[in-house]
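Each remark here refers to the structure printed beneath this line.
Nothing in this text is a laboratory measurement; each read-out follows from the coordinates by a stated rule. Bear in mind the structure is a predicted one, so any value in this text is a computation, not a measurement. As a convention, Cβ positions derive from the backbone with ideal geometry for all residues, glycine included, and neighbour counts pool all protein chains shown.
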Amino acid sequence: MLEIKNLEKRYHGVRALEGISLTLRPGEIVGLFGENGAGKTTLMKSILGLTSIHSGEVTLDGVPVTNKNIARISFATCEHSFFPSLTPEDHKEFYQAHFPAFKSRRFDALTEFFELPLNRKVKTYSSGQKNQFEVILALCQGADYILMDEPFAGNDIFNREDFYKVLSGILEPTETILLSTHLLEEIEDFIGRAILLRKGKITGDIETMTLMEEGKSLVSYVKEIYQYQPDRVSKSLSALAGEDQQ
Amino acid sequence: MKRKLKDLLPVGIRPQEEVKPILIGLIGSALFSQSFWFSYFENYNRIIQMSERQNQVYYYGQSAVMNSFAELFGHCMIGFLLIAVSMLVLAVFHYLYHYQGSKSIYRMKCLPDRWELLRRCLSIPVLVLLLCVLLVLVLTLLYYGIYLLATPRELLPPGSEHPLQNLFKNLLPFLGH
């Protein structure tokens, strides 16, 4: 179980995360939502220890996350964490050397499915292929907790749908995914739980089953939490038009 | 060997990309250190010109004396000093390399082996730094030995048995002078 307790992070005095407490249970697929700057990326980096935190703690089965257990968490980021000058084959070799639980067969199957050229350096890939490869690495590391930070930014819809299907098909019951994305509608059927971040705070945490029972869609739930005003745009446009007339 | 060297560099840097310029630098520095001998022969020639020659034997004047080893040594090892400084730059480059084209720094920081990143950033610079120190010591001792053996005893300056006191200053020209 991945537990985050009272996490707080500040950037130059500004609070990026405030009192974040969260538990990710084995086998969960969790969507992490929030507007730009809400703290999604910071939260993931804090879990991995890639950024310092001011208070709070992150534990994995009760033990703080350190190099000793970091292999149990993988990270796919839209910034990419692969080695651009290596081929997928080289990556496989590197990962096998560093992650004893690396899933070679899954790696081979996924690179074949997405038709990634194995003998080409990753830097020569298209942005879509780079994203695919980034996610493949995270999925094959052999981690129990897979964090994905907007991994499909730049991929076309067909590609993304393929990925959701593949993910649903290959994940083992104990593998947990925390997926940050803006593509609410697309992943609604894929996730089991949705967490909403706003201005560094958790403003919503709900099972998608509960939403279904309440007859709500994920989008409407998010809008409700965010107190989204549908007439906001028309009001602004009217105001602008009024100014122009004056 | 190639495999091991590869593991001491940031992932993606080919060993030959770094080994080649470093080797050129080391050889260049070793060659530049030969400037000691230019100073030496220049100094010796000056003394010879002031000396009298009778029956293929030189009679040096009473005031004829070779420059001290430290004076002749001058900055002849400066090439190694430059390499040492460039190794600091190389270490920084190795770290920043993990930000080029991706943020592979995230991957490196999240490895079970906490020393992997440090090892790949610092190994080569530190090894080259140590090699530079070793070469400077070996060459200095070699040159000093030859200086003592090749210079006629009567031309050796007084106190030449303790030239290392002044030598250190010359090795660090920016600090010493």
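Computed over region B:1-155, relative contact order equals 31 percent, with contacts defined as Cα pairs under 8 Å that lie 6+ residues apart. Were the residues from A:Glu89 through A:Glu3 laid out at 0.36 nm apart, the gain over their Cα-Cα distance would be 27.5 nm. Note on B:94-100: average number of Cβ atoms from other chains within 10 Å of each residue's Cβ is 1.
Any idea what the relative contact order of region A:2-245 is, in percent, if you count C-alpha pairs under 8 Å spaced at least 6 apart?
Result for region A:2-245 is 26 percent.
Rounded to the nearest 0.05, what FRET efficiency do A:Leu240 and A:Val63 have when you use their Cβ-Cβ distance and R0 = 60 Å? Approximately 0.60, to the nearest 0.05. Converting phi to 3J(HN,Hα) with the Karplus coefficients 6.51, -1.76 and 1.60 and the offset θ = phi - 60°, region A:163-172 yields 5, 4, 5, 4, 4, 4, x, 9, 5, 7 Hz in sequence order, with x at every glycine or proline. Principal-axis analysis of the Cα atoms of chain A puts helix A:88-98 at an angle of about 80° to the longest axis. In the protein assembly as shown, the DSSP-assigned H stretches of four residues or longer account for a calculated mean residue ellipticity at 222 nm of -15000 deg cm²/dmol, using -39500 (n - 2.57) per stretch and the full residue count as denominator.
Hey, got the dipole for chain B? About the Cα centre, +1 on K and R Cβ, -1 on D and E Cβ, debye to the nearest 20? Numbers along the way, then the final one.
Working: 16 positive and 10 negative charges, 221 e Å.
Using only the charged Cβ atoms, the result is roughly 1060 debye.
The angle between the Cα long axis of helix A:127-140 and the main principal axis of chain A comes to about 60°, on a 0 to 90 degree scale.
Tally Lys and Arg at +1 and Asp and Glu at -1 over the other residues with C-beta under 15 Å from the C-beta of A:Asn119: what net charge comes out? Spelling it out: positives minus negatives among the neighbours equals -2. Distance between the C-alpha centres of region A:142-177 and region B:39-111: 58 Å, rounded to the whole angstrom. Taking the centroid of alpha carbons for each part, region B:1-37 and region A:83-141 are 31 Å apart. Extension gain, B:Asp113 to B:Glu154, is 8.6 nm, computed as 0.36 nm per intervening residue step minus the present C-alpha separation.
Per-residue mean of foreign Cβ neighbours for B:108-121 is 4 (Cβ atoms of other chains, 10 Å radius).
Would region B:93-156 count as rounded, prolate or oblate if I go by the C-alpha gyration tensor, calling it rounded below 1.5 in a/c and otherwise prolate when a/b exceeds b/c, oblate otherwise? Because a/c hits 1.5 or more and a/b exceeds b/c, region B:93-156 counts as prolate. If the cut-off is a Cα-Cα distance under 24 Å, which lysines reach A:Lys201, setting aside same-chain residues fewer than 8 apart in sequence? Filter leaves A:Lys5, A:Lys9, A:Lys40, A:Lys45, A:Lys216, A:Lys223.
The C-alpha atoms of chain A define a longest principal axis, and helix A:232-245 lies at about 50 degrees to it.
Inter-chain neighbour count for A:73-85: the average number of beta-carbon atoms from partner chains within 10 Å of each residue's beta-carbon is 5. Per the Kirkwood formula applied to alpha carbons, chain A shows a radius of gyration over Rh ratio, Rg over Rh, of 1.01. For chain B, the membrane-span-like helices by this rule, meaning whole DSSP H stretches whose C-alpha atoms cover at least 30 Å of axis and whose Kyte-Doolittle mean is 0.0 or above, are B:116-150; this says nothing about an actual membrane. Label point of A:Glu18 set 7 angstrom out along Cα-Cβ; within region A:169-200, amide nitrogens under 13 Å from it belong to A:198-200.
Between B:Lys6 and A:Arg105, what FRET efficiency follows from the Cβ-Cβ distance if R0 is 25 Å, with the result rounded to 0.05?
That pair, B:Lys6 with A:Arg105, gives E of 0.45.
At a Förster distance of 30 Å, what's the computed FRET efficiency of B:Val57 paired with B:Leu141, Cβ-Cβ distance as r, to 0.05?
Calculated transfer efficiency: 0.45.
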